[in-house]
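The values are calculated or read from the model by the stated rules, or taken from the named source; none is laboratory data. Since the structure is predicted, the reported quantities are computational estimates derived from the model, not experimental observations. Please note: Cβ atoms are built from the backbone with ideal geometry, for glycine as well, and neighbour counts cover all protein chains shown.
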Amino acid sequence: MTDESTNPDQQPTGEEQAVDAVWIRSAALAGILFLMVMYTMYLAATLIIPIELGFLLSLVLSPLVRGMVRLRIPQVLSALVVMLSTVGLLAAALYAFAAPAAEWMDTAPTELRKLEYKLAWVKEPIQKIQDAQQQVEDLANGGPEPGANRATPKGSSFSLVDTFLGLTPDLLFGLAVVLILLFFVLASGDAFLSKMVQVTPRLHDKKRVVATARDIQRHISIYLGTITLINLTVGLVVAAAMYLLDMPNPLLWGAMVGILNFIPYLGVAASIVIVGFVSMLTFDSVNQMLLPPLVIFLVNVVEGQFLTPMIAGRQLSLSPIAVFLSLVVLGWIWGIVGMLMAVPIIATIKLVCEQIGPLENVATFLGRH
């Protein structure tokens, strides 16, 4: 007699089929929820981005406020001083880099024409291919139409001023939301956490809420603070190197590299490409053209392989695949702002999922190991 329990062709029982159906239904609902969240984030970007940015800044600045409170400075005054100091520093930095950026943008059309001349040896074979393709299309269509003009029609002119003025209402709204929310979060201290604890029914869940909030605040604040200092150092080193290499506006390129370095993987590539183009516009010698992007590559290798692991360690322990996918998804939804906030957001999701039993598999997927 054959044992049914060892028969490989045994059909699943009714209970097993019910469990499978529940899993399929749960996966389908999770997929629908994910798509709804993505489209909500995309459509409500003007509202969600300032709120998210305000909370992230509060995680970075809250240790400073707590330090001032320990010195017996009132919470509200501490929050106001920290927020105004941060805004002042950002405004000073923006003012310092505004003039070099404006100067470079004014000379960009002329410099791009120089680059086109330098790249004529690349453009010529491409133009021949395009002419041959056009000839084939003309023959297939019975020849070119009389009086046809092959010149590329000129599109509407792009005005940076008009674009900025068109974005001003959204920018002002976002800036106001960030500043007001940042002040309220810093001034309230742990009031929001206390309310979450009060509405949680069981003692075990109250402890979990506190532990999760503390973990998120500690890990994200340490990560953002450490990475900010590291990227500031990278920007200063790159600016000094660009100055020694006679690159124009070295502080501007140092600031650009430091900011783009917040975006894992893609930021380094963008910095190398942009500085490489500027180098081609500036120098005539091939060796001089290659030195600036090579310096940025070497600085980022030292930072990524030695400096960041030594100082920051593996604070968040995120999977490179999860980080890359978060960059792609949030970059598609929110643009470069989404890329800058991708790592803190995915790290927050991982830390929350670690504290919730049914979501531990999500945390495992997002983790490095």
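The single residue among 87, 69, 65, 82 that is closer than 15 Å to residue 185 by Cα and surrounded by fewer than 16 Cβ atoms within 10 Å (Cβ to Cβ) turns out to be 69. Looking at the stretch 246-345, the helices (runs of 4 or more DSSP H) lying wholly inside it that each contain 2 or more residues that are outside the structural domain of residue 59 (by TED's automatic domain parsing) and among the small types (Gly, Ala, Ser) sit at 250-260, 266-282, 320-334. Taking the stated definitions as given, is residue 326 among the polar types (S, T, N, Q), within 24 Å of residue 59 (Cα to Cα), at pLDDT 85 or above and within 17 Å of the chain's Cα centre (by Cα)? For residue 326, the condition - among the polar types (S, T, N, Q), within 24 Å of residue 59 (Cα to Cα), at pLDDT 85 or above and within 17 Å of the chain's Cα centre (by Cα) - is met. At pLDDT 85 or above and surrounded by fewer than 19 Cβ atoms within 10 Å (Cβ to Cβ), is that true of residue 265? Considered against the rule, which asks whether it is at pLDDT 85 or above and surrounded by fewer than 19 Cβ atoms within 10 Å (Cβ to Cβ), residue 265 comes out as no. Among the residues in the stretch 49-60, are any in contact with a Ser or Thr (Cβ under 8 Å, 6 or more places away or on another chain) and at pLDDT below 85? The answer is yes, given that some residue of the stretch 49-60 is in contact with a Ser or Thr (Cβ under 8 Å, 6 or more places away or on another chain) and at pLDDT below 85. If the requirement is being surrounded by fewer than 19 Cβ atoms within 10 Å (Cβ to Cβ) and under 19 Å from residue 100 (Cα atoms), which of these qualifies: 270, 240? Answer to the selection: 240. Could you tell me whether residue 176 is within 28 Å of the chain's Cα centre (by Cα), under 26 Å from residue 44 (Cβ atoms), loosely packed, with under 14 Cβ neighbours inside 10 Å and of a type in the set (Gly, Ala, Ser)? In short, yes.
Once the stretch 179-201 is narrowed to residues that are small (Gly, Ala, Ser) and either under 25 Å from the mean Cα position of the chain (by Cα) or assigned to a helix (DSSP H, G or I) (or both), the residue that is farthest from residue 61 (Cα to Cα) is 194. Can you tell me which residues in the stretch 192-204 are surrounded by 11 or more Cβ atoms within 10 Å (Cβ to Cβ) and touching a helix residue (DSSP H, G or I) at 6+ places or on another chain (Cβ under 9 Å)? Of everything in the stretch 192-204, those that are surrounded by 11 or more Cβ atoms within 10 Å (Cβ to Cβ) and touching a helix residue (DSSP H, G or I) at 6+ places or on another chain (Cβ under 9 Å) turn out to be 192, 193, 196, 197, 200. Is it true that residue 43 is out of contact with any helix residue (DSSP H, G or I) (no Cβ under 8 Å at 6 or more places or on another chain), within 30 Å of residue 335 (Cα to Cα) and at pLDDT 85 or above? Considered against the rule, which asks whether it is out of contact with any helix residue (DSSP H, G or I) (no Cβ under 8 Å at 6 or more places or on another chain), within 30 Å of residue 335 (Cα to Cα) and at pLDDT 85 or above, residue 43 comes out as yes. Residues that are within 18 Å of residue 256 (Cβ to Cβ), at pLDDT below 90 and among the aromatic types (Phe, Trp, Tyr) are absent from the stretch 105-117 altogether.
Among residues of the stretch 20-40 that are over 16 Å from residue 361 (Cβ atoms), none has a Cβ under 6 angstrom from a residue that is in a helix (DSSP H, G or I) and of a type in the set (A, V, I, L, M, F, W, C) at a sequence gap of 6+ or on a separate chain.
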